[in-house]
Amino acid sequence: MRRTLVFGFRKILLLVLVAGVLIIIPRVTSDYFVMMSIRIMYFAMLTMSLTLLAGELGLISLMQAAFFGIAGYFVAILQTRYGLPFPIPPLVGITAAVLAAGLFGLLVIRVRGIYFLMLTLVLGQLVWALASQWASVTRGDSGITEIYAPVIFGISTETSKTAFYFFQLIAFAGVAYFLTALKRSPFGLMLRGIRDSESRMVMLGYPVSLLCYIAFVFAALVAAVGGVFFAYFTGLINPHSISLTTNVETLLAAILGGINLLAGAVLGTGILKTLDVVLSGVTKRYMLFMGIMFLLVIMFARQGIVGTIRKYWSSLMIPVADWFGFRRDAMPAASLSEEESFDQSRKKKEEHDD
Amino acid sequence: MIRRRVVWLLVAVFLFTLGALGTANAVSEIRIGHIGPTTGWATIFGQNVLDGIKLALAERNYEFNGIPIKLFTEDTKADVEVMRTKLDSLRSRDKVHLIIGPSLGHEGVAAVDWAARNPDMPILVGYSAPEDMTMRKATHNLVRPGWTGAQVIFHFGKYCAKELGYKKVIIVGQDYSYPWDQAAGFVRGFLENGGEKVERIWHPVEAVDFSSILARLTGMAKDYDAVLNNSGGAQVVGFFKQWYQFGLDKVYPQILGQANVPIVSMLSELGDQALGVYSSLHYYDGNPSEANVKFRENYKKAYGRYPDVISVQGYDAAHVAFKAMEAINGRVDDSKAFIDAIRKVTMSADESPRGPFYFDKYGNPVQNIYIKKVVKKDGHLMNIAVKTYENVSQFGPYAHMAEKYMAAPATTRSYPPGDKDAYFKEIEKYFGRDYVENLNKNKGWID
Amino acid sequence: MRVVNLTHGAFYMAGGFVGLSVLKVSGSWALAAMGGGLFIAALALTEERFLLRWARGDHLIETLISLSVAIIVGDLVLVVWGGYPRTIAIPETLMGAVRIPILGLMYPLYRIFMVGLAVFIMGGLWLFLKKTNLGITIRAGVDNFEMVSALGINVRRLFTFVFGLSGLLAGVAGVVGGTFMMLVLGEDWRILTLTLIVVIIGGMGSLGGTIIGALITGLIYSFATAFFPEFSLFILFLPVAIILSVRPHGLFGKEA
């Protein structure tokens, strides 16, 4: 199979630009900005785990924060209570989250649509209930504190925010690469096939349940990585990170940014978390504002911000591309954008389900 | 020759100017940040502290010696991840000189962690009560002008055993660390002063139906003397309501309450059901001192309702800050001096609505603890003090053996044990046989 | 009607608070219950007419819209009634406890009233849906929208009516619950989770299922709280997870 990672020249340029910006952030921006970037990164990983399932499979999961939290709790317990050195706690934590996904996945792949949403909501609450009430292990609602970020190759990511930033950036890049590769691979194609018409995929002989199961586990993996960094950066973990509120906020971020796997998740998370900090300094009616914004986005910009940008991207970019002298034939002008095809496939499923 | 003198003259002028600039007041604005939950379910715990701070600042016209004071307030939404972010932004974006807060227990535990990582930022804790913040995890820059869960309840245990004559008590409470701390403090005071048994029954933090618990309590009524409600917020309202609905008032005397039970805001909801409830705290609203009366009236004028102990925390914290500022002449930019000055602040009975206090070496107040009772005066409910214990520190009766106290196993939902024999076996391990023998000889603590 | 209305919890909470205000003004508990119910009915009607209808049957969008309305209502309640926990006083006639003959314990009269009210509403709804023309039309409309419309009946308006009815019930439940328990912020999500559990166990679209579901849920939760407090919520959620994955339509739900 030909390697699916040959990027077009334009895309490489974009990649280099983005990478460049990301790298110089700690140099040129304030401490505060770096901190916000770090926050956005680990939450974005949580969001990406949701958009993976939502965008590629058409399944909305309200339990991704559970995997985020499982990894975080393992890091917390292994590090503070048993003193295990890096990198054992995060590796164990991620493994634990993946195993949990393996377990829950068995239940979850049996249902679709609204039932999937409800089941994941309940399963997420199950994990939350354990974290909140099993105080002897998790210290309940007080949570576990004093998680210190690791010292890697002699550099302390605890004392140096810049070091932590790069530590996380590397992991984030890895996750982004992994997800992009997934999306462009035959596996990704199969997932989208399931999203568009599951019955067709079944008829064609694809192991639909197995594919969904694997995707679910992969998504949990991504969330778990985010959870590890969350625990390290905040220095603590408590049941709130697994709560329904967190799951709903993740969904909000995904909807806001659009179902596009990478860009949508990052943008949506970025907007949400920035507004979080900025708004609550200005008004106490933060939740009201978020609720209204969410409503407006759902009603009028259903493909999220990235989706809307994509819709108009072609009309925007054609003249620019022309100017640069890159006119590529494979422009997505004629075909449906990701968000639109996501929408369509969902609508079709609705008709069949009813 | 002349040129050399001119040079020296110039150097002298230069140095003098430098010196003059240096001694000029370098602080043009004092920035204080408040952090706490001001939205969502925990709103009252953050908002009331903030209201207390604002009242204190308004009384001084938001200035100190002509330097304007700017108050930044950040909402934690009861989420510690958000709190950590806001702490960082108060520090690096708003560049505050002092942070007052947070309010909730789990927030406090996380805050002391942050304080250890940011030792140059003075923090005056708002309402958070976990004891480790000023004990095993204490840091130099975190000072708490408040209280710990156990501090306010040690002597309540003693009072119930000695004065009310109870031998066996049941504690029903929310299953998380703050009520655990309160139960632990009560157990120590109760069992060391004549009590025989404390049974702890825990329920989920958001429980709404107490019928199964109340049924159990009814069954236990012939063996136990009283019930202590160890919860806060909505659960108190529900518990009291169902207590009367199920007729528990016929088989037990008045309910005993933890610190958050008969606070002012609760009394209006509980109504007459709260009459006669005993509890203990470092503040009581019925305190006739001038400081308290004035505080209550000004608060009512400003906000249209009477303050509770949560607001007192904000008010007192602001006053502690002012006193420290006086000691260092407003040079809040010298954080080391500011922190040291804060730790040395003492408040007299005329200055604080709660009474006199000063800080122990861990940064927690040594203050009065009042055993209070809810009565009706002039048609409305209030707490009056039936007994006052003075100079109580966070170590309570163990102040002279603080290290031993801290070396004891940490409080959990079932530690220290509620049975007298098991308890005495335990404390002998870390308080020592002499202590136990003294207890037996004196039949409890010496007043 | 196949709508998963996530605003329901917020309706419950808001209804309770509205009832509290009505009680303060009128002094009558019955009026408070009706007031809460009617206010939420109006709110529900508005939501359906202007927001949900817009989704044109797209269940996911409906769910997300209802979620955002829940967030908005939740914050508005905080603005209007503040953050302190409140409770509604039990009406005089329903205070006190009665002795239950066989079991020999004192049981609060108000709780007996609640059981009776629940039975009454359940019976009323059942009669309505099974025996009246209107009820039958609604059920037909859910099963086959086009056919019923073709018969000249405005099915959309019927659905709006049902939505309003569900709002009415939620509001009344809020007042009844607020008297039995407390009115507190955050109650909206707690109640929503509980009702979702009941509906999932009992099955969507089945009244009888809801009763069974509620009974099972209540019993499990009470016992778990008493005997396994550290795992009570876990024990509550577990059967739900199992049912959803094994028999997603619930014990008595209809197959799609």
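The values are calculated or read from the model by the stated rules, or taken from the named source; none is laboratory data. In this text the structure is predicted, and so the values were computed from the model without any measurement. Virtual Cβ from ideal backbone geometry, glycine too; neighbours counted across all protein chains shown.
Restricting B:Y389, B:Y362, B:Y398 to residues that are touching a residue at least 12 places away in the same chain (Cβ under 8 Å), in contact with a Ser or Thr (Cβ under 8 Å, 6 or more places away or on another chain) and under 27 Å from B:G189 (Cα atoms) narrows the list to B:Y362.
How do the pairs read when you match residues in segment B:415-440 that are of a type in the set (G, A, S) with residues anywhere that are part of a helix (DSSP H, G or I) and surrounded by 13 or more Cβ atoms within 10 Å (Cβ to Cβ), using Cβ under 8 Å and keeping only pairs 6 or more apart or on different chains? Taking only residues 6 or more apart or on different chains, the pairs are B:G418/B:V187; B:G418/B:L191; B:G432/B:K404. When segment A:231-240 is limited to residues that are within 7 Å of chain B (Cβ to nearest Cβ) and either in a helix (DSSP H, G or I) or in contact with a Cys (Cβ under 7 Å, 6 or more places away or on another chain) (or both), the one that is surrounded by the fewest Cβ atoms within 10 Å (Cβ to Cβ) turns out to be A:H240.
Please pick out the residue among C:G209, C:G218, C:G213 that is in a helix (DSSP H, G or I), away from chain A (no Cβ under 12 Å), surrounded by fewer than 18 Cβ atoms within 10 Å (Cβ to Cβ) and within 15 Å of the chain's Cα centre (by Cα). After applying the criteria, what remains is C:G218. Taking segment A:104-139 as the range and being more than 8 Å from every other protein chain (Cβ to nearest Cβ) and more than 26 Å from C:M204 (Cβ to Cβ) as the test, the residues that pass are A:A131, A:V137, A:T138. Give segment A:283-302 a look and list any residue that's within 7 Å of chain C (Cβ to nearest Cβ) and either modelled with pLDDT under 80 or surrounded by 17 or more Cβ atoms within 10 Å (Cβ to Cβ) (or both), or say none. Once the filter is applied, which keeps residues that are within 7 Å of chain C (Cβ to nearest Cβ) and either modelled with pLDDT under 80 or surrounded by 17 or more Cβ atoms within 10 Å (Cβ to Cβ) (or both), segment A:283-302 yields A:R285, A:M287, A:L288, A:M290, A:G291, A:F294, A:L295, A:I298. Here the condition is being within 14 Å of chain C (Cβ to nearest Cβ) and touching a helix residue (DSSP H, G or I) at 6+ places or on another chain (Cβ under 7 Å); of B:G173, B:G194, it holds for B:G173 alone. Give the residues of segment B:105-122 that are of a type outside the set (A, V, I, L, M) and within 9 Å of chain A (Cβ to nearest Cβ), sorted by residue number. Those that are of a type outside the set (A, V, I, L, M) and within 9 Å of chain A (Cβ to nearest Cβ): B:G105, B:H106, B:D113, B:W114, B:R117.
Just checking, does segment B:220-239 include any residue being of a type in the set (F, W, Y), closer than 17 Å to B:N260 by Cβ and more than 7 Å from chain C (Cβ to nearest Cβ)? Yes, segment B:220-239 has at least one match.
Inspect all residues belonging to segment B:275-292 and state whether any of them is over 19 Å from B:G52 (Cα atoms), more than 10 Å from every other protein chain (Cβ to nearest Cβ) and of a type in the set (A, V, I, L, M). Yes.
Only one entry of C:F228, C:F237 meets the criterion of being closer than 30 Å to B:A215 by Cβ, surrounded by fewer than 20 Cβ atoms within 10 Å (Cβ to Cβ) and free of Cβ contacts under 8 Å to residues at least 60 places away in the same chain, and that entry is C:F228. Of all residue pairs spaced 6 or more apart or on separate chains, those with beta-carbon atoms under 6 Å, a first member in segment A:23-39 that is on the phi < 0 side of the Ramachandran plot and within 8 Å of chain B (Cβ to nearest Cβ) and a second member that is in a helix (DSSP H, G or I) and not β-branched (V, I, T) are A:D31/B:S92; A:Y32/B:S89; A:Y32/B:S92; A:M35/B:D88; A:R39/A:K273.
Across segment B:34-82, which residue is nearest to the other protein chains (Cβ to nearest Cβ) among those that are under 18 Å from B:R93 (Cβ atoms) and part of a helix (DSSP H, G or I)? Out of the qualifying residues, it is B:E81.
Among the residues of segment C:73-114, write down those that are of a type in the set (G, A, S) and touching a strand residue (DSSP E or B) at 6+ places or on another chain (Cβ under 9 Å). C:G96, C:A97, listed by residue number. Scanning segment C:107-150 for residues that are among the hydroxyl-bearing types (S, T, Y), more than 22 Å from the chain's Cα centre (by Cα) and within 14 Å of chain B (Cβ to nearest Cβ) returns a single hit, C:Y107.
Criterion first (surrounded by fewer than 19 Cβ atoms within 10 Å (Cβ to Cβ), among the small types (G, A, S) and either over 19 Å from C:R111 (Cβ atoms) or assigned by TED's automatic domain parsing to the domain that holds C:T87 (or both)) does C:S149 satisfy it? So C:S149 fits the description; yes. All told, B:P102 falls short of being modelled with pLDDT of 90 or more and within 14 Å of chain C (Cβ to nearest Cβ).
Find all pairs meeting these conditions: Cβ atoms under 6 angstrom apart; at least six residues apart or on different chains; first residue within segment B:297-309 and touching a residue at least 40 places away in the same chain (Cβ under 8 Å) and under 24 Å from B:W147 (Cα atoms); second residue among the aliphatic types (A, V, I, L, M) and surrounded by 16 or more Cβ atoms within 10 Å (Cβ to Cβ). Once the first residue is touching a residue at least 40 places away in the same chain (Cβ under 8 Å) and under 24 Å from B:W147 (Cα atoms) and sits in segment B:297-309, its partners that are among the aliphatic types (A, V, I, L, M) and surrounded by 16 or more Cβ atoms within 10 Å (Cβ to Cβ) give B:Y299/B:L55; B:Y306/B:V264; B:D308/B:I263; B:D308/B:V264; B:V309/B:I263. Among residues that are of a type in the set (S, T, Y), touching an Asp or Glu at 6+ places or on another chain (Cβ under 8 Å) and away from chain C (no Cβ under 14 Å), A:T80 is included. Please go through segment B:392-434 and give me each residue that is buried (at least 19 other Cβ atoms within 10 Å of the Cβ) and either of a type in the set (S, T, Y) or not assigned by TED's automatic domain parsing to the domain that holds B:V172 (or both), ordered by number. Once the filter is applied, which keeps residues that are buried (at least 19 other Cβ atoms within 10 Å of the Cβ) and either of a type in the set (S, T, Y) or not assigned by TED's automatic domain parsing to the domain that holds B:V172 (or both), segment B:392-434 yields B:S393, B:Y398, B:Y405, B:T411, B:Y423.
Within segment A:252-271, if we keep just the residues that are surrounded by fewer than 24 Cβ atoms within 10 Å (Cβ to Cβ) and assigned to a helix (DSSP H, G or I), the residue that is farthest from the other protein chains (Cβ to nearest Cβ) turns out to be A:A263.
All of B:R305, B:R354 fail the test of being among the charged types (D, E, K, R), in contact with a Phe, Trp or Tyr (Cβ under 6 Å, 6 or more places away or on another chain) and in a loop (DSSP other than H, G, I, E, B), apart from B:R354.
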